[in-house]
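Quick notes on the structure that follows.
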Amino acid sequence: MAAKIKENEAGKQIPRHIAIILDGNGRWAKKRALPRKAGHLAGSETFRSIATYCKEIGVEYLTVYAFSTENWKRPEDEVKGIMKLLDKYLHEAIRDMQKKQIRLKVFGDVSRLSPSLRELIARTDEISQGIEGFQANVCINYGGRAEIVRAAQRYAQDYAQGKAEELTEESFSDYMYSAGIPDPDLLIRPGGEYRLSNFLLWQCAYSEFYYTDVLWPDFTPEDLDKAIEEYNHRDRRFGGVKK
Ligand code: FPP
């Protein structure tokens, strides 16, 4: 689904949906001779400040890649540290999301997460239903290919039960975690790598990519402004020709 673009008072187009691959936490920590989990802690604080800023400037959806299906291969201690941070973050979200009017969704296969994390996610889902406006999507145990396979399986099930009609690009989108959400207009990857890393493969078909060497924990609202500025100079044709 292509997003309709809004403009702010300065005439800048504000992307409706921004996606970010959180990268560089480990290097940020190493540069400071800190353990990797200190980098993830700083990264989770950055996520909080960038989400607040996105809401402030009129972005409607922010989707971040926090933990991929491949990240389980990391040392046990690091994985435990990330799960602990998610637990802390979700507790704080449950406390604050109503006041801040922020909806929070988790995209990914949550079945591998602990029962307590799953309970917190169910609770944030429930609270989100009573909130309108800005939505943050956190991808946990997420993989783009796995999401497409899951969508195909869910469609096949519905079809077999006579609940689904002919498959179209639009109807298939409804089987993704991102059902009902416009595709990302802008995909940002901090941390100096130039890869998609199995993130939102279906949804990013026409997204504008922005890469920066800034490590995620150092990423500031000014860095986001720079990405939006560059986005404003892109010519989005969605496969058509310039008008
Ligand atoms: C990538 O940096 C980061 C991760 C795999 C984990 C991100 C997780 C968090 C920030 C914690 C919880 C998140 C939220 C949204 C509450 P890296 O470790 O690959 O960095 P490196 O490439 O420098 O080693």
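Here, each number is a calculation from the coordinates, and none is a lab measurement. Small disclaimer: the values here were computed from a predicted structure and weren't measured. Positions of Cβ are backbone-derived with ideal geometry, glycine not excepted, and every protein chain shown enters the neighbour counts.
Side notes on the structure shown:
- Backbone HN-Hα couplings from phi across segment 196-212 [Karplus 6.51/-1.76/1.60, Hz, Gly and Pro as x]: 8, 6, 6, 9, 6, 4, 6, 6, 8, 3, 10, 6, 7, 9, 9, 10, 9
- By the count of neighbouring beta-carbon atoms within 10 Å, fewest first, 17, 233 end up ordered 233, 17.
- Cα gyration tensor shape of the chain, rounded if a/c is under 1.5, else prolate or oblate by comparing a/b with b/c: rounded
- Using a Förster distance of 30 Å, the FRET efficiency for residue 72-residue 31 (Cβ separation, nearest 0.05): 0.70
- Taking θ as phi - 60° and the Karplus parameters 6.51, -1.76 and 1.60, the scalar couplings of segment 167-180 work out to 7, 10, 4, 5, 5, 5, 4, 5, 9, 8, 4, 8, 3, x Hz in sequence order, x denoting glycine and proline.
- Distant-in-sequence amide H partners of residue 63 (H built 1.01 Å from N, under 5 Å): 18, 19, 20, 137
- Under-5 Å amide H pairs with residue 106, H placed in peptide plane, nonlocal only: 138
- Cα gyration tensor category, rounded, prolate or oblate, for segment 158-198 with a/c compared to 1.5: prolate
- The residues neighbouring residue 198, those whose beta-carbon lies less than 14 Å from its own, together hold a net charge of 0 under the Lys/Arg +1, Asp/Glu -1 convention.
- Computed about its Cα centre, the charge dipole of segment 138-189 is approximately 360 debye, with only Lys, Arg, Asp and Glu carrying charge at their Cβ.
- In order along segment 94-108, the phi-based Karplus estimate (6.51 cos²θ - 1.76 cosθ + 1.60, θ = phi - 60°) of 3J(HN,Hα) comes to 4, 6, 9, 5, 5, 4, 7, 6, 10, 7, 10, 10, 10, 9, x Hz; Gly and Pro are listed as x.
- Only helices enter this figure: runs of n ≥ 4 DSSP H residues, each worth -39500 (n - 2.57), summed and divided by the residues of the chain, yield -14000 deg cm²/dmol at 222 nm to the nearest 500.
- Distant-in-sequence amide contacts of residue 14, defined by a placed amide H-H separation under 5 Å and a gap of 5 or more residues or a different chain, comprise 6, 7, 8.
- Segment 1-132 shape via C-alpha gyration tensor axes, a/c threshold 1.5: oblate
- Hydrodynamic radius of segment 98-224 by the Kirkwood approach over all distinct alpha-carbon pairs: 16.7 Å.
- Likely footprinting exposure, 40, 91, fewest C-beta neighbours within 10 Å first: 91, 40
- Fewest-first sequence of 195, 16, 154 by Cβ atoms within 10 Å of each Cβ: 195, 154, 16
- When the pairs 12/73; 30/100; 12/99; 31/226 are compared against a 30 Å limit on Cα-Cα distance, 12/73; 30/100 fall above it.
- DSSP bridge analysis restricted to the chain gives an antiparallel fraction near 10%, rounded to the nearest 5.
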